[in-house]
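What follows is calculated from the coordinates using simple rules that are stated; it is not laboratory data. Quick caveat: nothing in here was measured; it's all calculated off a predicted structure. Because the Cβ atoms are built from the backbone with ideal geometry, glycine has one as well, and the counts that use them run over all protein chains shown.
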Amino acid sequence: MADKIRIGVLISGRGSNMLALAEHRRRDPDRPYEIALVAANVPDARGLVVARRLGLKTWALSHKGMDRADFDAKLDAALRDHDIELIALAGYMRLLSPGFVARWAGRILNIHPSLLPLHKGLDTHRRAILAGDDFAGCSVHVVTEDLDSGPVIAQARVKILPRDDPDSLAARVLEAEHRLYPQALEDYALALREGSTSAGP
Ligand code: GRF
């Protein structure tokens, strides 16, 4: 296995978490991972522009009009072409097919803006406020077939303030995401490199 774990980051939008992962690596080249590909299912995703500016390799294909399994087979081929070892979902707004998840078992991480298992799916901040939760937050988890349900490997809590609306809360949670995801990815990549997780594509 190469010295650095080769990461494929999957995005659909602005890519601020992708940027946080890239910056974390840039600040210390000794980190155990490198971002070898940024892939998107939305060819005009803003995050692709950011990735290209950083000098990262990008791949994009619109999923529109495509069968999910066909799209995922093309995505899988692109990831393998770039010798990707670990996938980091970062605002990738598309469900992965069961076949894809099975092929990459234990090799896909996701960041979700809630304290899982609370508030899976979309609109998490509004739901946390409406539920009267004291804390919101974010979770990094291993991706399994069921949405936002795989083992949580890292979590950060963010206090919900009385004046919060979903946007103000989302902004504070996003800052927490940018701190949490790079460290969680680094720890997971290190464990993979040292063979202390049994996962393998
Ligand atoms: C983040 O809040 C992430 O938790 C969720 O989608 C959002 C993506 O934001 N899965 P960005 O594209 O990383 O800026």
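A few points about this structure:
- Acute angle (nearest 10 degrees) that the helix 16-27 long axis makes with the longest principal axis of the chain, alpha-carbon atoms: 60
- Added length on full extension, which subtracts the Cα-Cα distance from 0.36 nm per residue, Asp134 to Asp44: 28.7 nm
- Cβ-based exposure ranking for Ser196, Ser149, in which fewest neighbours within 10 Å come first: Ser196, Ser149
- 0 to 90° range, to nearest 10: angle between helix 166-193 axis and the chain longest Cα axis: 40
- Modelled spin-label separation between Val152 and Met93, with each label point placed 7 Å from Cα along the Cα-to-Cβ direction: 2.5 nm.
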